[in-house]
Each structure stands twice: as C-alpha cells, then as structure tokens.
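Read the figures in this text as sums done on the coordinates, not as results from a lab. Treat the numbers as computed from the prediction; the structure is a model and nothing was measured. Glycine gets a Cβ as well: all are built from the backbone with ideal geometry, and neighbour counts include every protein chain shown.
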Amino acid sequence: MEFNIQDKVKLIVPLPYLKTSDNMPMLRPPDLVAIDEVGEVISIKTPSTVEIKFRRGSFLIDTDKIEKI
C-alpha cells in the first residue's frame, strides 16, 4: 500500500518496540501507542518505512504494520 504525507493511519499489529524518529533514534516501549490510536504520516523515509506522529511522539514504522483509515 502506498502512503502519502498527512494520511491518517493506525497500527494493525502489536509491535515489540517503537523506534523514535529523532536524529539519534531510540527504542521505546510499545505501550506508548495503542492499536486503535490514529496517527498522521509526517514523512516518508524509505518505500517501506514512514514517520508517523502519534499523541505521545513520532515513530518510524514499517508500512506493512499500518493501514489507512
């Protein structure tokens, strides 16, 4: 699936960890983002990874783990 900036998305599978989108990325616990929480794509890093802004931060997530809403 192709994603564009400002698309609204949500997770479709639980993640073992979250990777921050900071200049020096850090791994964070997965409970910072709920499965039903809506986030917004703020940048496309690679064809298979996007940066998503959620309520509790911005994270790098693979496109096969999210879906548009």
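Residue order for Ser58, Ser48, fewest other beta carbons within 10 angstrom first, comes to Ser48, Ser58. Note on Asn23 and Ser48: their simple-model spin labels are 2.9 nm apart, each label 7 Å out from Cα toward Cβ.
Rounded, prolate or oblate: which fits the range 8-68, taking a ≥ b ≥ c as square roots of the Cα gyration tensor eigenvalues, rounded meaning a/c under 1.5, else prolate when a/b beats b/c? Rounded shape, in that the Cα axes give a/c under 1.5. In order along the range 22-33, the phi-based Karplus estimate (6.51 cos²θ - 1.76 cosθ + 1.60, θ = phi - 60°) of 3J(HN,Hα) comes to 5, 4, 10, x, 10, 8, 10, x, x, 6, 6, 10 Hz; Gly and Pro are listed as x. Could you please state, rounded to a whole Å, how far the C-alpha centre of the range 12-32 is from the C-alpha centre of the range 37-69? That distance is 11 Å. Ranked by the mean number of other Cβ atoms within 10 Å of their residues, highest first, the peptides 36-44, 2-10, 49-57 fall in the order 49-57, 36-44, 2-10.
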